[in-house]
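Shown next, in structure tokens, is the structure this report addresses.
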Amino acid sequence: MSLSAAARFRYTLVAGATAVVIGSGFTVAGITKGGHTETAVDQASEQLALPVVPTTSSAPPPSPTHSAAPSSTPKSKAPSPKPSKKKTTAPTKPPAPPSTSGSVSEQVLAHINAARKDEGLAPLTLDAKLSRAAALHTQLMIDGCGLSHQCKGEGGIGDRFSAQGVKWTGAAENIGYGSSDASDAAKIQAANGLTDSMLAEKPPNDGHRKNLLNPGLKRIGLSIVRDSKGVTWMVQDFVN
């Protein structure tokens, strides 16, 4: 299987309380490398600082309420209105994020950890909560957001991770997509092909590689999902 259609990827890094989004995308097609085609024919980059600050309410305190003193002359009580019966509808549950089979995640993780071992680095540990954060973001990208680290109405990566109960002080994210067929083997090959392209980056445009080989990052969340159009999306989320 080769990534015959356009494949693109981007990365972001969060350090402490400040998120720095540094994007680098490549359209890949052409030269064959180990069954994966990857000639860079288009490139774009961007950088954006996103400070994470606690929100506080600036609304004034509510005014005190006063009840009037009772009149000396008692008044007849008006009949109490009968409560209207309203139909209550149960809140709709948000759709479940697309799941990635354990076999796919394990094999993609093994591929990443092999690269880290070659650099003398400790392996990453797969984190279920981080993988759920990755899956939720994958669904938004598939639903129309496209290749982006922050979709409309969505928090930054640090907020997304914290919302799933992930504890972190440093975090990073790589995202990408490429075409594949529906088999697990094809999705694994697409994800590993994108990872290999990231690992092959050269300075100064090597943000994906730095995320994958960052010795300070210890845990990873993975989402590898094929959409209805035959595109396999991958999200790699990292925390310390």
Legend entry - Meets criteria (among the aliphatic types (A, V, I, L, M), at pLDDT 95 or above and surrounded by 10 or more Cβ atoms within 10 Å (Cβ to Cβ)) for Ala122: yes
Legend entry - Selection within the stretch 114-146 - assigned to a helix (DSSP H, G or I) and among the acidic types (Asp, Glu): Asp118, Asp143
Inset, instruction - Considering only the stretch 93-119, state which residues are small (Gly, Ala, Ser) and open to solvent by 70 Å² or more (accessible area, probe 1.4 Å). - result: Ala96, Ser99
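The values are calculated or read from the model by the stated rules, or taken from the named source; none is laboratory data. On a predicted model such as this, the values are computed, not experimentally measured, just so you know. We place every Cβ from the backbone using ideal geometry, glycine too, and count neighbours over all the protein chains shown. Keep in mind that these areas ignore ligands, DNA and RNA; they rest on the heavy atoms of the full protein, side chains included. Shrake-Rupley method; radii C 1.70, N 1.55, O 1.52, S 1.80 Å.
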